[in-house]
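Colleague: Here it is, the structure in full.
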Amino acid sequence: METLCTEKTPEPGAFLDILEERRRTSDLSHALRTFSPQPYKGHPPITASALNQAVLDSQHLHYIVEEIATESGEPVEVIREKASGILNEMSHNLQLSSIRLLGYTLSKVFKRAFHTVLVNEDGLNQLRQAIQEHPVILLPNHRSYMDFLVLSYIMFTYDLSMPVIAAGIALMDMMFFAPLLRRSGAFFIRRAIRADKLYWAVLSEYVRTIVRTGYAPVEFYIEGYRSRTLKSLNPKLGMIHMVLEPFFNGEVDDISLVPISISYDRVIEESLLAHELLGFPKPKESTMSLLKAWNVLANDNGSMHVCFGQPISVRELAKGRINFSQHNQVPREMPQNPSEETQEFVSVMGHGVVRLQERGMVISPWSLMATILLQSPEGLGLDTLTQRTTWLRDIVLKFGTHLDWPAQVSDEEVISSNISRHRSMVCCEGGRVLLIEEQGPDGEESITPETAVFRRASIVLMCVSYRNQALHIFVRPALVALAIATTSSTKKEDVFTHFKFLQELFSNEFVFVPGMVTEDFKEGCSLLVKCGVLQASDQELVVIEHGTDTASFLRAILQPFLETYQVVFRHMTEDGVVVFAEKQYIPAVRSYCLKLILAGELQTYEALSSDMQKNVLYTLVRMTAVTKTKVGDQNEFRVDKAAIQRIADILGSIGSHVV
């Protein structure tokens, strides 16, 4: 599977602005032009209603319906009616007229929101070919609501077959807009459906039928949901199992997976995401909230980059890894659980796709600036920030990063324009650049210390989200640098042992392909050699004297994670509670971290992030220091304080070597 993780991504010079023509010609003419995509050659086109009927008529669904009827005692006709109702709620109704309306509307939206929307045409040409040859699965990352329809807009612009898109059921609450989404190819999925046998059967058969017939490319977020931290998330594997089943069962001879990387200079929801992480309720999706967002679009949001990766052949990946004979032993209409071999294959492939998404990301100067500013909470002089950012720019370019650094513009102008664009979180006063303080409502006279902490934290977490967009670049060399600092010897095998522990500990924070820890270690060492930090031989790793500042900088990137994990470990070992419900955990940890920040014992505002707090908990579950059980409809956790303390002791010895 190593080949999956070494695919090349296009160079930034291959990107073209699809809004350039839209600014020169009529949006209405663009929407009404002849649309003639090349279809999948495997099957003749069918209608949305015929697709639904094929699902209801499938032997697989008939088998499940009869099984549920037998188990529940309800008549088969009642179960079939329920299945039909689920399908009606779920299914799309793709119509060209709605696509044209959407194309017209999105031309207006994107021109208002972005300076440019840049797309790599080489990737689109490869996609055009793949769509004609095999069923295609589009796998974008998910950082903004803007992601949801940008691919449809691009594919309409380039005369490519329109995708059907997996969408959350919450979007159905958006009156007027939800029907347009459905007619534009969205199909709506409820959350937490594993326990609902009939719903799962209808959904899986619906997805399989789309893939099997080559009805349309299927688009879904392999990470499962929008990343509130703008960090890559480990893949959710339920949908990927569904789309691959027709291949495993021999119903199609191949499937093409297309990793897609969507990058933003500025994410429109940046403030909402930060507040969600601090426990403020997520605003409900509604048509009114959509209309209110129109004014937000007029802000300086910079550019969006959309990088279509090289299509991946599932057939090629599966060679020598999947025993297809086991799939042929069971009739196709009968449900079967994936074998351990298949689960491992899908897991490695899912993680590999996320890694390819990371490699296709285009990093903005602001991501580098945010990374630097977060290590200097007291602020930096403008000249120092410029010098440090250009220093970091040179490092990431050596790492092979796609960086959107404007050509023929002075470094000073690049820095100043990014400060201006991100004035919601940073300002320049007296030649010094620092994070601002979030403002309260007009007329507010005084605030509590707790409110002041949360306001500061919201700005910090906004800045953190942009650092997070670049974290995948630094994490492997940073882990190697930290492992070297904590190892008393220069022996490569000793450093690797520490690296392996750190990777295991942080595998909920960063995406690592299972079974590739050795390759990750080699990559981290190689990048440190490239940037002049490390001298490596077959047996030893030695930090070069003039590379110590770079090594220190890389280790400091990991400091908030180390501190937060240590604080949560401390809370769980000191707290008297041994068994707790999941809904009790976040408020308790947040309260504990708030107390430490107010007392001056904790400087890391990232410890207040609910996402990182959950990651710590599930890391302890994975490392068997906490046991998770299902009690009713709630998760319950039992703490092994001694086991947590052992992990905390190891981490404590590492944390002292961060800077």
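Laboratory data are not the source of any read-out in this text; all were calculated from the coordinates shown. Remember, it's a predicted structure, so these values are computed and weren't measured experimentally. FYI the Cβ positions are ideal-geometry reconstructions off the backbone, even for glycines, and counts take in every protein chain you see.
Colleague: Is it possible to state the helix-based mean residue ellipticity at 222 nm for the chain, with each DSSP H run of 4+ residues giving -39500 (n - 2.57), the sum divided by total residues, to the nearest 500 deg cm²/dmol? What is it?
Modeller: -16500 deg cm²/dmol
Colleague: Between R315 and R23, what is 0.36 nm times their sequence separation minus the Cα-Cα distance? Round to one decimal in nm.
Modeller: Stretched fully, the R315-R23 segment lengthens by 100.9 nm.
Colleague: So which GluC sites (Glu not before Pro) in the stretch 584-659 pass both tests, a DSSP loop state and at most 11 other Cβ atoms within 10 Å of the Cβ?
Modeller: Answer by residue number: E601.
Colleague: With only alpha-carbon pairs counted, each pair once and no self-pairs, how large is the Kirkwood hydrodynamic radius of the stretch 456-615 in angstroms?
Modeller: The answer is 17.1 Å.
Colleague: Now for a separate question. In a solvent-free Debye calculation with one equal scatterer on each Cα, what is log10 I(q)/I(0) for the stretch 559-655 at q = 0.14, 0.22 Å⁻¹, listed in the order of the q values?
Modeller: Rounded to two decimals, the profile gives -0.48, -1.18.
Colleague: Compute the long axis of helix 411-421 from its Cα atoms, compare it with the longest principal axis of the Cα atoms of the chain, and write down the angle in degrees, 0 to 90, nearest 10.
Modeller: It works out to around 60 degrees.
Colleague: Can you give me the angle between helix 96-113 and the longest principal axis of the chain, using Cα atoms only, in degrees from 0 to 90, rounded to the nearest 10?
Modeller: Between the helix axis and the principal axis of the chain, the angle is about 10 degrees.
Colleague: Here's another thing I want to ask about it. Once fully extended, how much extra length lies between D549 and K197, figured as 0.36 nm per residue of separation less the alpha-carbon to alpha-carbon distance?
Modeller: 121.1 nm
Colleague: Between K628 and T490, with labels modelled 7 Å along Cα→Cβ, what's the label distance in nm to one decimal, could you check?
Modeller: That separation, rounded to one decimal, is 4.4 nm.
Colleague: To continue, here is another question. In what sequence do I586, I322 fall when counting other Cβ within 10 Å, fewest first?
Modeller: Ascending number of Cβ neighbours within 10 Å: I586, I322.
Colleague: So, one more: Calculate the translational D of the chain in whole µm² s⁻¹ from Stokes-Einstein, where the hydrodynamic radius comes from the Kirkwood formula applied to all Cα pairs, the temperature is 20 °C and the viscosity 1.002 mPa s.
Modeller: For these conditions, the coefficient is 81 µm²/s.
Colleague: Right, something else. Considering the convex hull of the alpha carbon atoms of the stretch 112-264, report its projected area averaged over all viewing directions, in nm², one decimal.
Modeller: 10.0
Colleague: Further, regarding this structure: Along the positive direction of the dipole of the chain (beta-carbon charges: Lys, Arg +1; Asp, Glu -1; about the Cα centre), which of I484, V533, V414 reaches farthest?
Modeller: V414
Colleague: Below 8 Å between Cα atoms, with a sequence gap of 6+, how large is the relative contact order for the stretch 404-556 in percent?
Modeller: 17
Colleague: Under a plain spin-label model, where a point goes 7 Å from the Cα along Cα-to-Cβ, how far apart in nm are D254 and R570?
Modeller: Label at D254, label at R570, 5.6 nm between them.
Colleague: Normalized C-alpha radius of gyration of the stretch 392-445, against 2.2 N^0.38 Å?
Modeller: 1.58
Colleague: Once you have the Kirkwood Rh of the stretch 471-557 from its Cα pairs, apply Stokes-Einstein at 10 °C and 1.306 mPa s and quote D in µm²/s.
Modeller: Rounded to a whole number, D works out at 126 µm²/s.
Colleague: Run through the stretch 388-457 and list the GluC sites (Glu not before Pro) located in a DSSP loop whose Cβ has at most 15 other Cβ atoms within 10 Å.
Modeller: Those that pass, being in a loop and sparsely packed, are E437, E444, E445.
Colleague: Hey, another quick one. Over all directions, average the projected area of the Cα convex hull of the stretch 212-270 and note it in nm².
Modeller: One quarter of the hull surface, i.e. the mean projection, equals 5.1 nm².
Colleague: Now a separate question. If you average 1/r over every pair of different alpha-carbon atoms in the stretch 523-597 and take one over that average, what Kirkwood value in Å do you get?
Modeller: 15.5
Colleague: What is the antiparallel percent of DSSP beta bridges lying wholly in the chain, to the nearest 5?
Modeller: 60
Colleague: Additional query: Ranking request for peptides 545-558, 15-28: highest mean number of other beta-carbon atoms within 10 Å first, then the rest in descending order.
Modeller: 545-558, 15-28
Colleague: Over the stretch 471-557, what is the relative contact order in percent, taking alpha-carbon pairs closer than 8 angstrom and at least six residues apart?
Modeller: Reported relative contact order: 36 percent.
Colleague: Shifting gears a bit: How would you rank I544, I210, going from fewest to most other Cβ atoms within 10 Å of each one's own Cβ?
Modeller: Starting with the residue having the fewest Cβ neighbours, the order is I544, I210.
Colleague: Test of understanding: what is the full-extension gain from Q95 to S72, defined as 0.36 nm times their sequence separation minus their Cα-Cα distance?
Modeller: 4.5 nm
Colleague: From the Cα trace of the stretch 397-495, what convex hull volume per residue do you get, rounded to a whole Å³?
Modeller: Enclosed volume per residue, from the Cα hull, is 192 Å³.
Colleague: Here's something else I'd like to know. For the stretch 305-462, count all C-alpha to C-alpha pairs, find those more than 22 Å apart, and express that count as a whole percent of the total.
Modeller: 62
Colleague: Also: How much of the calculated P(r) for the stretch 33-92 lies past 15 Å, in percent of all Cα pairs?
Modeller: 61
Colleague: Which of the residue pairs K236/K583; K492/K614; K319/K398; K319/K628; K231/K614 have a Cα-Cα distance greater than 26 Å in the structure shown?
Modeller: Exceeds cut-off: K492/K614; K319/K398; K319/K628.
Colleague: Another question, then. Please give the peptides 245-252, 481-488, 420-427, 172-179 ranked by average Cβ packing (other Cβ atoms within 10 Å per residue), highest first, as a rough proxy for protection.
Modeller: In descending order of packing, they fall as 481-488, 245-252, 420-427, 172-179.
Colleague: Continuing with the same structure: Taking the chain as the reference, fit the longest principal axis to its C-alpha atoms, fit the long axis of helix 582-598 to the helix C-alpha atoms, and give the angle between the two in degrees, 0 to 90, nearest 10.
Modeller: Between the helix axis and the principal axis of the chain, the angle is about 20 degrees.
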